[in-house]
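Please treat every number below as a calculation from the coordinates, not as lab data. Everything quoted here is computed from the prediction, not taken from an experiment. Ideal geometry is used to build each Cβ from the backbone, glycine not excepted, and the neighbour counts take in all protein chains shown.
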Amino acid sequence: MAFSLPPLPYATSALAAQGMCQETLELHHGKHHNAYVTALNGLIEAKGLAGKSLESIVAEAGKAGADGLPVLNQAGQHWNHVLFWQVMSPNGGGDKLPARLAARIDSDLGGLAAFKEAFKQAGVTQFGSGWAWLIIGADGKLKVTKTPNGSNPIATGEGTPILGVDVWEHAYYLDFRNLRPSYLDNFLNKLVDWSVVESLMDKGGLSTDQSA
Ligand code: MN3
């Protein structure tokens, strides 16, 4: 087996009215994400990854520290983008969260407004490239965090992501130029499909069903 680029769960033009244009999705999914998949497949034999799940590869590469980085850069980015495409939808946006998710955000993070501010700040303050996350932490509570480059909370052992946003410049430059804060506001207010986030919370995270 090898890793594959899953199709987007919507047309490349589907999010244009919500601030993510067709060209962004064509390049980001078809070129950037695809390049991570291709590079990861090129490492399977040399790095002894055959038969392993994507999730276990990410976790093991994270534990290996600097030695794991060549694999983590590609495997982490593959995992991260699979999640990213799923948490957005043409039906996304708005402040009406499904009840179970809303209750957890209230109890663990002080409410929707506080969560959005913390999530935005995580994305804004991730220097250079990386990701901001909403995770189920090791203690079972929801938590906001960030990671650099291709890493993620599975690799760091911090927890299980249920929402992630790409803050690499390739994610927002066509739509928002240099304005990462505006991209993050737009993501939170217009793109996130909260029903998907709640479903991932209920399931205890994403299984990509991908393996080497
Ligand atoms: Mn990206």
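Among all positions in segment 133-145, there is no residue which is within 16 Å of the ligand (Cβ to nearest atom), of a type outside the set (Lys, Arg) and out of contact with any Ser or Thr (no Cβ under 8 Å at 6 or more places or on another chain). When we screen Gly92, Gly51 for residues that are touching a Ser or Thr at 6+ places or on another chain (Cβ under 7 Å), away from the ligand (no atom under 16 Å from the Cβ) and not in a helix (DSSP H, G or I), the only hit is Gly51. Screening segment 174-212 for residues that are without any contact (Cβ under 8 Å) to a residue 12 or more places away in the chain and closer than 20 Å to Lys146 by Cα and picking the one that is surrounded by the fewest Cβ atoms within 10 Å (Cβ to Cβ) gives Asn178.
Restricting attention to segment 125-146, the residues being without any contact (Cβ under 8 Å) to a residue 24 or more places away in the chain and not small (Gly, Ala, Ser) number 4.
In this structure, does Gly164 turn out to be within 22 Å of Asn91 (Cα to Cα), within 14 Å of the ligand (Cβ to nearest atom), in contact with a strand residue (DSSP E or B) (Cβ under 7 Å, 6 or more places away or on another chain) and of a type outside the set (Asp, Glu)? Yes.
Conditions tested, residue by residue: (1) within 21 Å of Ser151 (Cβ to Cβ); (2) more than 16 Å from the ligand (Cβ to nearest atom); (3) of a type outside the set (A, V, I, L, M, F, W, C).
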{"residue": "Ala14", "(1), (2), (3)": "no, yes, no"}
{"residue": "His29", "(1), (2), (3)": "yes, no, yes"}
{"residue": "Asn41", "(1), (2), (3)": "yes, yes, yes"}
{"residue": "Ser56", "(1), (2), (3)": "yes, yes, yes"}
{"residue": "Gly65", "(1), (2), (3)": "yes, yes, yes"}
{"residue": "Ala75", "(1), (2), (3)": "yes, no, no"}
{"residue": "Trp85", "(1), (2), (3)": "yes, no, no"}
{"residue": "Lys96", "(1), (2), (3)": "no, yes, yes"}
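Sub-8 Å Cβ pairs linking a first residue in segment 7-36 that is closer than 20 Å to Gly76 by Cβ to a second residue that is within 11 Å of the ligand (Cβ to nearest atom) and among the charged types (D, E, K, R), at least 6 apart or interchain, are His28/Asp166, ordered by first then second residue. Within segment 64-89, restricting attention to residues that are of a type in the set (Val, Ile, Thr) and part of a helix (DSSP H, G or I), the residue that is surrounded by the fewest Cβ atoms within 10 Å (Cβ to Cβ) is Val82.
Counting only residues that are farther than 17 Å from Val167 by Cα and surrounded by 14 or more Cβ atoms within 10 Å (Cβ to Cβ), how many does segment 93-138 have? So the answer is 14.
Checked against (1) farther than 23 Å from Arg177 by Cβ; (2) in contact with a strand residue (DSSP E or B) (Cβ under 7 Å, 6 or more places away or on another chain), Ala2 passes all but a single condition, namely (2).
Could you grab me the full set of residues in segment 104-124 that are of a type in the set (Gly, Ala, Ser) and without any contact (Cβ under 8 Å) to a residue 12 or more places away in the chain? Answer for segment 104-124, where residues must be of a type in the set (Gly, Ala, Ser) and without any contact (Cβ under 8 Å) to a residue 12 or more places away in the chain: Ser107, Gly110, Gly111, Ala113, Ala114.
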